[in-house]
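Report on the structure given below.
The values are calculated or read from the model by the stated rules, or taken from the named source; none is laboratory data. Predicted, not measured: the structure shown is a model, and the values here were computed from it. Neighbour counts run over all protein chains shown; Cβ positions are idealised from the backbone, glycine included.
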């Protein structure tokens, strides 16, 4: 077979075929390692700053996420100032007290013992928002589900988180606030909504199991319990073959 | 330094320190390759079935996603029957005609020329749902944002998608339907909601750029346009240093 000339349609088709194949075993293992060892970090942040070089790679990874109709609805507000982080920590502390009161007895006491965020310990916070007007008034793929732009933004968060794992950077997602609580602090206009608030920094260690499992707050479900064939509730054959 | 004995607390601390470090250059590159070369597939599916071995690895990757309060709200309904796929394709075709009518003039004509789903071409579809009752009436981290369980489920989708890329499996996310449209087809109870409908299969080629960019439906934004410092709209210094 002769190699096609540069820039010809054959060359493009050839690149597309190469782009489709499976990774080799080592590269596949690296992807699974990132997925399996990623953790939600609250307690293990170091004060060392995250370099611009690493942060640019993580943001680029986030920006590679799939987005409905290529609308790329996400924006990332980098929060490094101690004053701003203290302001957010105060909002979350008030909401956290409300949250603790929603649990009963021993569970409430256990909740209060958990440290659930690293807002002030992490040197970098990122307020991840969705601009709901981006892509114009009608977005391909968003015509019948208005919230898929929020889902695209979540895909960007997960890309960021996995790339961070590969870089040795820890990430914690804080959700103990009403989304509108943070709008004044970041000057968000009406059409922009908070999807995730992330704490980001180097870490000295990472839990081997999810922290809420290690602390006996909950247990991981067997995979076979969450996979069905054809209909809700019909156990999947693939686990019985 | 002496190596700690197996199974001692020192051993655990040592494992946690090792778990936190950055990957080596080749493993980091593999993670970024999955993130950057992942595509939304509509046209390139092959009819070959996805093996149980590969599918189990992809589902396990999805099941490793972060979830609010460790609630693991996701379930995966595997759809292989041609009849069920044809039923869903019919629902989507009707909604797609409504969608085309929402665009004006040339844009509507362009929309109609795009093939937006591979429901019948892909040998496997997965209806990804969230059980909104999972984790009980009060879920840690979901006390002030009811929809974060849907976001957890999206994280599972993104894990699945990236693992699929590493395995040479293509994935397309279809969203051109009202979420309740699919409830009868899959027997979903009231408290279970559709988050994503995925087309899954081997692919012979993969677009090098996002397909909607290649077909000039839209353009990718510069990263610097979506990153701010401290407040909405304040351009990030990191891109000017």
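A compact table of results
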quantity: Subset of segment B:34-58 [under 18 Å from the mean Cα position of the chain (by Cα), facing another protein chain (nearest Cβ under 7 Å) and part of a helix (DSSP H, G or I)]; calculated: B:34, B:35, B:36, B:37, B:55, B:56
quantity: Filter result (facing chain B (nearest Cβ under 7 Å), in a helix (DSSP H, G or I) and under 17 Å from residue A:127 (Cβ atoms)) within segment A:162-183; calculated: A:179
quantity: Tabulated pairs, segment A:1-22, first more than 11 Å from chain B (Cβ to nearest Cβ), second in a helix (DSSP H, G or I) and modelled with pLDDT of 50 or more, C-beta under 7 angstrom, 6+ apart or interchain; calculated: A:4/A:10; A:4/A:11; A:4/A:14; A:5/A:11
quantity: Qualifying residue in segment A:147-159 (condition: over 11 Å from residue A:58 (Cα atoms) and assigned to a loop (DSSP other than H, G, I, E, B)); calculated: yes
quantity: Unique match (being over 11 Å from the mean Cα position of the chain (by Cα), modelled with pLDDT of 95 or more and farther than 21 Å from residue A:63 by Cα) among B:179, B:184; calculated: B:184
quantity: Filter result (surrounded by 14 or more Cβ atoms within 10 Å (Cβ to Cβ) and more than 8 Å from chain B (Cβ to nearest Cβ)) within segment A:185-204; calculated: A:185, A:193, A:194, A:197, A:198, A:199, A:200, A:201, A:202
quantity: Whichever residue in segment A:71-93 is without any contact (Cβ under 8 Å) to a residue 60 or more places away in the chain and closer than 14 Å to residue A:176 by Cα and, among such residues, is nearest to the chain's Cα centre (by Cα); calculated: A:89
quantity: Residues (at the interface with chain B (Cβ under 7 Å from one of its Cβ atoms) and assigned to a loop (DSSP other than H, G, I, E, B)) located in segment A:59-89; calculated: A:64, A:66, A:72, A:81
quantity: Filter result (touching a residue at least 12 places away in the same chain (Cβ under 8 Å), over 19 Å from residue B:124 (Cβ atoms) and part of a loop (DSSP other than H, G, I, E, B)) within segment B:189-204; calculated: B:191
quantity: Answer residue from segment A:205-237, given it is within 14 Å of residue A:40 (Cα to Cα) and facing chain B (nearest Cβ under 7 Å) and is nearest to the chain's Cα centre (by Cα) among those; calculated: A:210
